[in-house]
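A.B. asks: Encoded as structure tokens, here's the structure I'll be asking about.
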């Protein structure tokens, strides 16, 4: 529970320190006195959004802090342990807002993100805003009311998770499906191209070998003729053409004289080497002429093979030697297509399973909602009977719409009311007046608190549109609720104010030309004066004081 609140340089508050007791604390004051300052400060300390305009004019920063007493086994205590922020059953939260709009948050002196402060705030404080009853006019709010009462957070989490998993898989499936349809023509073309390249079956380096062999065969006749002519020139029975014969004669003539002079010896050596070289050349030429086989069928096959390679290269607009690499690229792309097709099949099966899981979880949640809707309606009706709506009949309609799945299930939920006998049950926005909506909102908060048990609640003028005996019953209800939770309540009604265990008066005063909001904890006499003011306004008489004393004694009699 909240036990201490310190507000400094916030809006029109200078320095306010408040000790907060258990039970019901009532806040009252003239319109514009600054009652909402307490509410706004707690809202920020619970992780609300900060604004530089909240810093008191002329100051550099606003500094807010609150101390909560926390039980170790409470949700807040467990959260603090998980975050390694636990500190002996006491938790101090602090918020600093600077004039330039920056904000810092602390839990037990440790700096934390505002989002984490908000997580903690939701566990220790619930704020019911001044015009919260207007939310009841929107049917989308009714689902949250029922779920809060039914305590289906675990089931709702499962529905959210399965729905998101289902939709993520569905988006991926559609992307692949659209891509598959879009690329179908491209895929067919690539498959045809790959089939053509596979049929060609050209290996790396094969083209060069084929071209060399084809070139050799295409010049076979001239090569044979040339080889024969050269061989005849080197070694022929015709003396004039017998190069080797003439060379042998020259060597024979030079040998006797070579020893007589070094130059002749060198010339003989060179001629001998030339003879050896020419003999080898002659042997190679004879062997080529004798061994070379002209194969016209092989030449035709080579010509056909090369023509096919060149034709395919022209089709693909690439160099012939690049065809093997192109084939590998097409194989990789078609493998991707195949993988996408396989993933599509897997996703289709997965989608069916995810949808089945979602619908099972949503059906369970729907059944729990339908069961809780009856008890919620009965509980609300009982509270409304206490709030001077003796004939009120509440119906909580849960309409399953499986054809419209969503992240919160497939139920449409609507609270309906018949306020008077003979009137049909109708949606709240048609059946309820402003004052009735206020009472229904309060009844919802009372009923919800029976299941939620939040440590501290703040009611901001939940009694708007209510007066007379109903106002007294509202005060009694809030007092009763304060037996289980600490409650702070801003009110303008003396009947509600009289039920408080503690009463704070918010006033404005001018100090050194500056307007300041002050909070005073009232004793018995000053409290009587304030309740009397709430009864009659500025003119307090003995009669209104007597009435105030009667109102203040009423809680003691119950």
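A short reminder: the numbers here are calculations on the coordinates, not readings from a lab. What you see is a predicted model; the values in this text were computed from it and never measured. As a convention, Cβ positions derive from the backbone with ideal geometry for all residues, glycine included, and neighbour counts pool all protein chains shown.
A.B. asks: Please compute the modelled spin-label separation between residue 374 and residue 321, points set 7 Å along Cα→Cβ, answer in nm with one decimal.
C.D. replies: 8.7 nm
A.B. asks: Apply 1/(1 + (r/R0)^6) to the Cβ-Cβ distance of residue 161 and residue 100, taking R0 = 41 Å, and write down the FRET efficiency to the nearest 0.05. Could you put the intermediate results ahead of the total?
C.D. replies: Numbers: r = 41 Å, r/R0 = 0.99.
For residue 161 and residue 100, the calculated efficiency is 0.50.
A.B. asks: Right, next: Using a Förster distance of 22 angstrom, determine the FRET efficiency expected from the C-beta separation of residue 382 and residue 501, and round it to 0.05. Write out the running numbers ahead of the final one.
C.D. replies: On the way: r = 25 Å, r/R0 = 1.13.
FRET efficiency, residue 382 to residue 501: 0.30.
A.B. asks: Sorted by packing (mean other beta-carbon atoms within 10 Å per residue), highest first, where do 223-229, 251-257, 67-73, 507-513 land? Each step should come with its number before you reach the end.
C.D. replies: Details: 223-229: 14.0, 251-257: 11.9, 67-73: 16.6, 507-513: 9.1.
My ranking of the peptides, most packed first, is 67-73, 223-229, 251-257, 507-513.
A.B. asks: Quickly work out the residue 480-to-residue 246 label distance, labels modelled 7 Å from Cα along the C-beta direction, and quote it in nm with one decimal.
C.D. replies: A separation of 14.0 nm, rounded to one decimal place.
A.B. asks: Just to be sure I understand the model, the point goes 7 Å from the Cα along the line to the Cβ. What's the resulting residue 255 to residue 174 distance in nm?
C.D. replies: Taking the simple label geometry, residue 255 and residue 174 are separated by 10.2 nm.
A.B. asks: Identify the residues of region 29-53 with backbone N under 17 Å of a label point that sits 7 angstrom from the Cα of residue 115 along the Cα-to-Cβ direction, or state none.
C.D. replies: 47-50
A.B. asks: If R0 is 45 Å, what FRET efficiency do you get for residue 403 and residue 59 from their C-beta distance, rounded to 0.05? Display every interim value, and only then the final one.
C.D. replies: On the way: r = 57 Å, r/R0 = 1.27.
That pair, residue 403 with residue 59, gives E of 0.20.
A.B. asks: So what is the relative contact order of region 245-326, in percent, for Cα pairs below 8 Å that sit 6 or more residues apart? Don't skip to the answer; put the middle values down first.
C.D. replies: Details: 20 pairs, mean separation 13.1, N = 82.
Relative contact order here is 16 percent.
A.B. asks: Would you mind calculating the gained length between residue 420 and residue 356 on full extension (0.36 nm times residue separation, minus the Cα-Cα distance), in nm to one decimal? Please report the intermediate quantities before stating the final value.
C.D. replies: Values: separation 64, 0.36 × 64 = 23.04 nm, distance 4.44 nm.
Gain on extension, residue 420 to residue 356, equals 18.6 nm.
A.B. asks: Work out, step by step, the length gained on full extension between residue 542 and residue 199: first 0.36 nm times the residue separation, then minus their alpha carbon distance; give nm to one decimal. Walk me through the intermediate numbers first.
C.D. replies: On the way: separation 343, 0.36 × 343 = 123.48 nm, distance 11.30 nm.
Gain on stretching residue 542 to residue 199: 112.2 nm.
A.B. asks: Which stretch or stretches of region 417-437 have amide N atoms under 16 Å from the point lying 7 Å from residue 469's Cα along the Cα→Cβ direction?
C.D. replies: Correct set: none at all.
A.B. asks: Continuing with the same structure: Return the calculated 222 nm mean residue ellipticity for the chain, to the nearest 500 deg cm²/dmol, obtained by summing -39500 (n - 2.57) across DSSP H runs with n ≥ 4 and dividing by the residue count. Before the final figure, lay out each step's value.
C.D. replies: Details: 18 runs with 312 residues, N = 558.
Estimated from H runs of four or more residues: -19000 deg cm²/dmol.
A.B. asks: Moving on to the next point. What relative contact order, as a whole-number percentage, does region 372-528 give when Cα pairs under 8 Å and 6 or more residues apart are counted?
C.D. replies: On the way: 205 pairs, mean separation 23.5, N = 157.
Once normalised by length, the contact order is 15 percent.
A.B. asks: Using 0.36 nm times the number of residues separating residue 230 and residue 549, minus their current alpha carbon distance, what extension gain do you get? Please report the intermediate quantities before stating the final value.
C.D. replies: Numbers: separation 319, 0.36 × 319 = 114.84 nm, distance 14.36 nm.
Net length gain for the segment: 100.5 nm.
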